[in-house]
Each structure stands twice: as C-alpha cells, then as structure tokens.
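**Q** The structure under discussion is supplied below as structure tokens; questions concerning it will follow.
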Amino acid sequence: MEKLSEQQALALLRRHAPSEASYDLLLRHVQTVKEVAVRIARQCPGVDVDFVRSAALLHDIGRFRYPPGKGSIRHGIEGGKMLRKEGLPAHARVCETHIGVGISREDIEKQGLPLPKEDFLPQTKEEVIISYADNLVAYDVEKDIDYVIDRFRKELGEEYVRRVKDQHRLVRGWMDVR
C-alpha cells in the first residue's frame, strides 16, 4: 500500500479544501475517525496501521465537492477520483468503499443511486476498519455499535442492520483480544 505520512495526508486534505472553514470542519471528523480506526487497527494482526492512519484522514476528501445533503452519496466516488489523480489508488479505494458498510451494485440498481453500477464494498482489512470506524463516529464524537445499529435501522432498514452486525463481528473477530 502507498506510504503517506500523517503530515502529507493533512497537507493533501488542506490543498483540496475550498476554504479554511471547510478544512477545519472536515478535519474534526476525519481526526476522530483516524483515532478510532488506528486504535482498532493496532489490535488486528497483519493490518498496516500507517496506511489506516493516512487513509482515515483522507476518506472524506470528496466531501469538499459533495458536502452533506442532496447528492452527497457521490462523495466517495469523487474522493476516489481525486486521490487517483494524486497517484494514491489504495487510498482512493478507501474513499469509494467507506460509505455505510459498502455499497453493492445491487444496492445501486435497487435504490437508483447516482453511482457507477459496480460494487463498492470494502475488501481489505484496512478498508473494512476505516468503514467501521467511520460508522462509529457521528461528526466528531465516537459512538457505540448500538447507536450505529439504531441509525441504520431508521435510515436504511433491517437488511443494512444485518450488514452492520456482520461487519462488527468481522472486525471484532480480527481484534487480538486477550
């Protein structure tokens, strides 16, 4: 995976920010996601913690072009485009796969989402951990899995609750709990 320091990731984030205010706003969220993701990654054997650190900081870079609101589901795809142009395909993949617990081609077709008709599901441990950590963070506050389950139940329904629980079990299974 690409090597990018935390400082380089922050500089890249700042360079793409349309304003200092938007940078500061996004920074609060991605810093919290980074802290949660790194804490989890350190407990999972074989995970590239340095990659998790930099990719967590960049996972929402597409929000600079698609902020929360109408059309914001495209922020992952847009972030992927931005980071591919920067020569960071593994980081780009995190942008594309972090939304929810991933978005399948079937989800896109069934819901008529404005996304390319392909799977955007996290595959690597690093991708899954960042998606999981992002779900645990509401703006800049870490929440518990019950909060995530309730949110998904209200917003998306029981099929997505099952996926959240599956992702939770998967990540917990990787953790080196002694």
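The values are calculated or read from the model by the stated rules, or taken from the named source; none is laboratory data. On a predicted model such as this, the values are computed, not experimentally measured, just so you know. Cβ sites come from the backbone with ideal geometry, for glycine too, and all protein chains shown count toward neighbours.
**Q** Could you say which residue among GLU118, GLU158, GLU127, GLU78 is exposed (fewer than 14 other Cβ atoms within 10 Å of the Cβ) and in contact with a Lys or Arg (Cβ under 9 Å, 6 or more places away or on another chain)?
**A** On inspection, the qualifying residue turns out to be GLU118.
**Q** Test each condition in (1) in contact with a Leu (Cβ under 6 Å, 6 or more places away or on another chain); (2) crowded, with 24+ Cβ neighbours inside 10 Å; (3) small (Gly, Ala, Ser) for ALA55 and report the one that comes out false.
**A** Failing condition for ALA55: (1).
**Q** Shifting gears a bit: Could you tell me whether any residue of the range 129-136 is among the small types (Gly, Ala, Ser) and in contact (Cβ under 8 Å) with a residue 40 or more places away in the chain?
**A** yes
**Q** Further question: Which members of the range 64-111 meet the condition of being on the phi > 0 side of the Ramachandran plot and over 15 Å from the mean Cα position of the chain (by Cα)?
**A** Initially, the range 64-111 is screened for residues on the phi > 0 side of the Ramachandran plot, giving 69, 71, 87, 100, 102.
The answer is GLY69, GLY71, GLY87.
**Q** Return the residue satisfying two criteria in turn: it lies in the range 100-129 and is in contact with a helix residue (DSSP H, G or I) (Cβ under 7 Å, 6 or more places away or on another chain) and part of a helix (DSSP H, G or I), and of such residues it is farthest from LYS34 (Cα to Cα).
**A** Residue satisfying both the conditions and the ranking: LYS125.
**Q** Only one residue in TYR147, TYR132 is touching a helix residue (DSSP H, G or I) at 6+ places or on another chain (Cβ under 7 Å), more than 18 Å from GLY62 (Cβ to Cβ) and either assigned to a strand (DSSP E or B) or not acidic (Asp, Glu) (or both), so which one is that?
**A** Criteria check complete, one pass: TYR132.
**Q** What are the residue pairs meeting all of these: first residue in the range 98-114, first residue within 11 Å of SER131 (Cα to Cα), second residue of a type outside the set (Asp, Glu) and assigned to a loop (DSSP other than H, G, I, E, B), Cβ atoms under 6 Å, and 6 or more apart or on different chains?
**A** HIS98/HIS59; GLY102/LEU121; GLY102/PRO122
**Q** Next up: Would you point out the residue of the range 150-178, among those that are more than 15 Å from GLY102 (Cα to Cα) and hydrophobic (A, V, I, L, M, F, W, C), that is modelled with the lowest pLDDT?
**A** VAL177
**Q** Just checking, does the range 81-96 include any residue being free of Cβ contacts under 8 Å to residues at least 24 places away in the same chain and under 19 Å from TYR132 (Cα atoms)?
**A** Yes, some residue in the range 81-96 is free of Cβ contacts under 8 Å to residues at least 24 places away in the same chain and under 19 Å from TYR132 (Cα atoms).
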